[in-house]
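Worksheet for the structure shown next.
What follows is calculated from the coordinates using simple rules that are stated; it is not laboratory data. The model shown is predicted, which means the values in this text are computed figures rather than measured ones. Methodologically, a virtual Cβ is constructed for each residue, glycine included, from the backbone with ideal geometry; neighbour enumeration extends over all protein chains shown.
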Amino acid sequence: MGNIKDIEQTKRTWVVAHRGFSGQYPENTCAAFEAAIIAKVDMIEIDVCLTRDRIPVVIHDHTLDRTTDGTGLVSERSLSEIKKLDAGSWFGAEFKGETIPTLEEMLLLIRGRVSVNIEIKPECFESSAPADAIEVQVCELVKQLGMADSVLISSFQHSFFPRIKKWHSDQNITASLRTAPLEEVHQSEEYTLNLCRKLNAYSFHPDDNLVTPSLIKKLKANGIKTIPYTINDEKRMKQLIDWGITGIITNEPERMWKVLRT
Ligand code: G3P
Ligand code: MG
């Protein structure tokens, strides 16, 4: 369970839970990950940032204000400060006590159960490329936990990807982790294809508005999967499935299963 090669064998569109089962549970928390696993998703998408003491943690915003009872920048708080925060109550009183997971805790929770799309937030990119840069820590952790076959790394900051490849070649690891550029602005199909080729991307993760049947087809013809975000509308899910999309990143995995079954 949780191996991307196994998902590739399925003949249907992949269900990817955006920030866990975030439509019904507080995003990027263990509650949302457990619920996504119970909903039998193929993959869970998460967001990672670095704390002040440079620990990768699972949170979407670069500030704490929206999804916790704390304030200010994640990068200005230590892990012990972050661990004191409540990351569940903002969503519902029944989720009080949920905390911000570290990336390691999240990976240990899901290991052997489901695959994971780790989105590295662009704010964490450091042009100085320190030895403990976020992309290095992600690669090291995945290797240490033996989870390479379950992980897909994405980012809007495409400069992370050559560094991920370099980390693998420095370690003499022939097969680099799977990677996927995220895109939110329109680019030509030619540009997108060249980008994916240049980065040796496993998949392309565009905003829903950028997806066309022709783009899916062009990428597919070149061995590249298309996995857009964030689709919660049943009609649109159905349309994308009919267009032959590889996967859909959604806050509502149960809704997507309903669409897939009909
Ligand atoms: O990875 C897909 C999606 O999560 C990208 O946007 O802002 O929700 O992280 P965002
Ligand atoms: Mg994300």
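Of the residues making up the range 213-258, those that are more than 16 Å from ligand 1 (Cβ to nearest atom), among the polar types (S, T, N, Q) and closer than 20 Å to ASN194 by Cβ are SER214, ASN222. Pairing residues of the range 51-63 that are touching a residue at least 40 places away in the same chain (Cβ under 8 Å) and more than 16 Å from ligand 2 (Cβ to nearest atom) with residues that are among the acidic types (Asp, Glu) and assigned to a loop (DSSP other than H, G, I, E, B), at Cβ distances under 9 Å and at least 6 apart in sequence or on separate chains, gives ARG54/ASP132. For the range 87-122, the tally of residues that are touching a residue at least 12 places away in the same chain (Cβ under 8 Å) and either part of a helix (DSSP H, G or I) or within 19 Å of SER150 (Cα to Cα) (or both) stands at 22. Does any residue of the range 70-84 turn out to be in contact (Cβ under 8 Å) with a residue 40 or more places away in the chain, out of contact with any strand residue (DSSP E or B) (no Cβ under 8 Å at 6 or more places or on another chain) and either under 30 Å from GLY244 (Cβ atoms) or assigned to a loop (DSSP other than H, G, I, E, B) (or both)? Scanning the range 70-84 turns up no residue that is in contact (Cβ under 8 Å) with a residue 40 or more places away in the chain, out of contact with any strand residue (DSSP E or B) (no Cβ under 8 Å at 6 or more places or on another chain) and either under 30 Å from GLY244 (Cβ atoms) or assigned to a loop (DSSP other than H, G, I, E, B) (or both).
When you scan the range 159-262 for helices (runs of 4 or more DSSP H) that lie fully inside it, which ones turn up with 2 or more residues that are over 20 Å from LYS40 (Cβ atoms) and not small (Gly, Ala, Ser)?
Of the helices (runs of 4 or more DSSP H) lying wholly inside the range 159-262, those with at least 2 residues that are over 20 Å from LYS40 (Cβ atoms) and not small (Gly, Ala, Ser) span 160-170, 189-198, 213-221, 234-242.
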